[in-house]
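Contents: one structure, followed by commentary.
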Amino acid sequence: MNAQLRGWVDTWLNHLALGAAPQWGVQDGHARILQAWHMGCRRYVKQDLSAYFDSSVELVLARLGAPQWLAGLLRSFYTEPQRLFKAGGCFDARWRTTAAGFLQGCPLSPVIALAVGATWAEYCRRSDVDLMIFVDRALWPLPHAACPVTALRAALQRSDHFDEAFKFVCKPTKCAIVVLDSDSSLNELIAERGYPRESSLELLGIELKLSDGATSLLKLSLQTLLLRLRYLRLLQPRMEYRRRIHSALFWAAGVARPSARETQQLQAEITATLKDCITEETPQVLVYAVFGWQFSVEWYGDWAALKTVLQRTDARRDTRRFFFGYDNLGVLKHWLKEEHQRRGVHRCGRVKRSLIAPNPSVHAVSHYLVPLTVNTTPLLDAVFLVDKALWSCGARPWQVEVVRGTLLRNFAVLGTCQFSACAGAFGPERLFAAPIEAYPPAPPAVDLEGFEQDVADHLEAFFKDDAELFLASDGSAKEGVGAFAIVTAEASFGTGDASEDQSAFRNEALALLYITRALQRLPGDRRGRVHVLCDCQAALQGVARPGMSALPCIFEEIATNLRNLQSRGIAVSLTWVPAHGRKRHWRPPDGISAELCRDLNDKADAAANCARENRAAHSRRALWHQAFGEATAWETRLQLSLRAPWTKQLQLGAGCCAAGLRLRCWRAQLSFCTCTFELASRTHFPYQF
């Protein structure tokens, strides 16, 4: 029923009433309050409704032009209802008949409350006073108001009149007048209303300080969160449950977030929940890269706030842009992971700490010196892996020598490795991380306006009066490069744009968008029927409900274009076709040939793949994915080397040596120690100083 009421709600809904409004939320209320503060508003009245009944709902529904069935349904359901009341765990002795009040949990009550709130907002609104209702209400005089006190008093009087008519109750103790400490202009109004005076606006879960605009979260219990995290350590739940720990912290991250001290405490406890999965010396950047950046409090807060950012400059100094409603939010998440990974690597102690060796020309295992010219790849891996224990134990940056060679600058050890061509290759040296360039932008678009006109010219040639035209669309994406295609029985068209979001789903949506745009270019006297075939059910659902999709602006434009075409006499039907021969018994609607639909869909699929391959040829993203595959293979080879028995013995020896360095060298200030390793079945010899 609420879905059926959506069209009616859109006829009267605006930004003044937000509670339960479709596609509106608490963040929109926060945005309105912050916008008012940035405009210079420093006087607010906050009202808390302590009694809310439905005495005049039918009049409101009639005023707003509600469907007739809605009032009849509510009347029949709420006529002399009997209820059993409960308070403090105790039930009433009998059922009671009530005359007003919606049932708690009634699925229609949010829409009805929204309608009443919108009526209050329109009744109380003035040219010099702005307001908002989200269950609680807020009013504030605008900066251009000639007399803010008079304007605010007049708006409050109209609000009182409305409350009296609807039998609403506002307790003065739950309301407030919020002004700066130095502002005495509202003292008379404060005395009239009996409202408490405050210098910070507490509304919708946040606190806004009028003096400096600082925001913080209300009712954030740090102790409760810490206890929950400690219980997680005991329960050891699955990893997906451990990631769901930030909702209490960052539900308003774009507006308010915990303090730096609270963030540090929480991060320590969050990391502790992973102690059963990691060792003590594991760098934080590797923890987040493996288990998910959701475990980083700093990253999660930035991710929640990043949704207000439109562009960034990457490591190559390329400007990267994001368009809300046209690109998937996954693009922003990828940007944030990339940036936090870069910061995490440079913060990591293994990378920041320099252990410069005096003689990087040789390296040794056990008592054997191995020249760098010898191609002993497994042996090189072993020495490389052994040295990680020294880095992880945090050896001091002194010139310490070991019998296995100098405490190596590992670019020498990795002399045969493609990822350590320069002496600064600290990623492979100390983190098992192969360096790779930042993810590049998408390939450029080529004359999308001309593409649209070409499709329109082709359709005009074949679309005569009362004609029936069949088109198929498809989108394709691979390795960060996407394309879409539009085909008919006579021709194929394929291209792609330069958006950061190159996903197959977005390209499916773009194909439908350019079909509707091309159809709108047809001469105004053309009439007929167009069958659009698509193998993406999610895209068709997006057209039906744009606001619920990941790309609302694209699908809203498609839906608008379809309505315009319908009004011109061009009926466009969207039909789903199973891809790649699936569902052999599928039959299309309206008596259309299933064989024709499948043939056109296969043709669109081939055209989209061809367009994608043409765009990907020699593109920077294709080269990046090739380099990424090589880096992954290199890291995998090193990880597998860890499993070799002789490698584990070397690690044990390195660990003992590193412990000796850490515990003893700081006392004696020594610059030389000896340590001997045996490769086969013998145990590690004791280290000496």
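The values are calculated or read from the model by the stated rules, or taken from the named source; none is laboratory data. Computed from a predicted structure; not experimentally measured. Cβ coordinates were reconstructed from backbone atoms using ideal geometry, including for glycine residues, and neighbour counts include every protein chain displayed.
Structure above, values below:
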| quantity | calculated |
| --- | --- |
| Near pairs, Cβ below 8 angstrom, 6+ apart or cross-chain, from region 167-178 (within 10 Å of TYR195 (Cα to Cα)) to any residue that is at pLDDT below 85 | LYS171/SER50; LYS174/SER50 |
| Candidate set from region 310-330 (those that are of a type in the set (D, E, K, R) and under 29 Å from ALA509 (Cα atoms)); member that is modelled with the highest pLDDT | ASP327 |
| Residue that is farthest from the chain's Cα centre (by Cα) [pool: residues in region 73-113 that are surrounded by fewer than 10 Cβ atoms within 10 Å (Cβ to Cβ) and among the hydroxyl-bearing types (Ser, Thr, Tyr)] | THR97 |
| Residues located in region 584-598, provided they are modelled with pLDDT of 85 or more and assigned to a loop (DSSP other than H, G, I, E, B) | TRP586, ARG587, SER593 |
| Search result, residues across region 514-528 that are touching a strand residue (DSSP E or B) at 6+ places or on another chain (Cβ under 6 Å) and of a type in the set (Lys, Arg) | none |
| Evaluation of GLU490 against (1) in contact (Cβ under 8 Å) with a residue 40 or more places away in the chain; (2) touching a helix residue (DSSP H, G or I) at 6+ places or on another chain (Cβ under 8 Å); (3) surrounded by fewer than 21 Cβ atoms within 10 Å (Cβ to Cβ) (one fails), failing number | (1) |
| So VAL287, is it at pLDDT 80 or above, among the β-branched types (Val, Ile, Thr) and either in contact with a helix residue (DSSP H, G or I) (Cβ under 9 Å, 6 or more places away or on another chain) or outside any helix (DSSP H, G or I) (or both) | yes |
| Residues being assigned to a helix (DSSP H, G or I) and in contact with a strand residue (DSSP E or B) (Cβ under 7 Å, 6 or more places away or on another chain) - total across region 27-63 | 6 |
| Evaluation of ALA66 against (1) more than 22 Å from ASP181 (Cβ to Cβ); (2) of a type outside the set (D, E, K, R); (3) in a helix (DSSP H, G or I) (one fails), failing number | (3) |
| Hey, GLY629 under 21 Å from ALA477 (Cα atoms) and modelled with pLDDT under 90 or not | yes |
| Residue list for region 171-214, restricted to those being closer than 23 Å to PRO148 by Cβ and of a type in the set (S, T, N, Q) | SER182, SER184, SER185, ASN187, SER199, SER200, SER211 |
| Residue among GLN502, GLN520 that is in contact (Cβ under 8 Å) with a residue 24 or more places away in the chain, more than 18 Å from VAL577 (Cβ to Cβ) and surrounded by 21 or more Cβ atoms within 10 Å (Cβ to Cβ) | GLN502 |
| Filtered residue count, region 146-192, keeping only those that are crowded, with 17+ Cβ neighbours inside 10 Å and under 25 Å from ALA214 (Cβ atoms) | 8 |
| Strands (runs of 3 or more DSSP E) wholly inside region 399-497 that include at least 1 residues being farther than 30 Å from ARG527 by Cβ and either assigned by TED's automatic domain parsing to the domain that holds LEU286 or modelled with pLDDT of 90 or more (or both) | 467-478, 481-487 |
| Per-region count, region 529-546, residues over 26 Å from ALA606 (Cβ atoms) and surrounded by fewer than 16 Cβ atoms within 10 Å (Cβ to Cβ) | 2 |
| Hits in region 560-601 (condition: of a type in the set (S, T, N, Q) and in contact with a Leu (Cβ under 8 Å, 6 or more places away or on another chain)) | ASN561, THR575, ASN601 |
| Residue check for SER247: surrounded by fewer than 19 Cβ atoms within 10 Å (Cβ to Cβ) and at pLDDT 70 or above | no |
| Matching option when the condition is in the same structural domain as ASP501 (by TED's automatic domain parsing) and in contact with a helix residue (DSSP H, G or I) (Cβ under 7 Å, 6 or more places away or on another chain), among GLU557, GLU595 | GLU557 |
| Single match in LYS307, LYS333 (criterion: closer than 28 Å to ASN507 by Cβ, at pLDDT 80 or above, of a type in the set (Lys, Arg) and surrounded by fewer than 18 Cβ atoms within 10 Å (Cβ to Cβ)) | LYS333 |
| Number of positions in region 12-26 that are modelled with pLDDT of 90 or more and in a helix (DSSP H, G or I) | 1 |
| Which listed residue is at positive phi and touching a Phe, Trp or Tyr at 6+ places or on another chain (Cβ under 9 Å), from GLY29, GLY88, GLY40, GLY65 | GLY65 |
| Among residues of region 1-11, those that are small (Gly, Ala, Ser) and either part of a helix (DSSP H, G or I) or closer than 16 Å to ALA121 by Cβ (or both), counted | 1 |
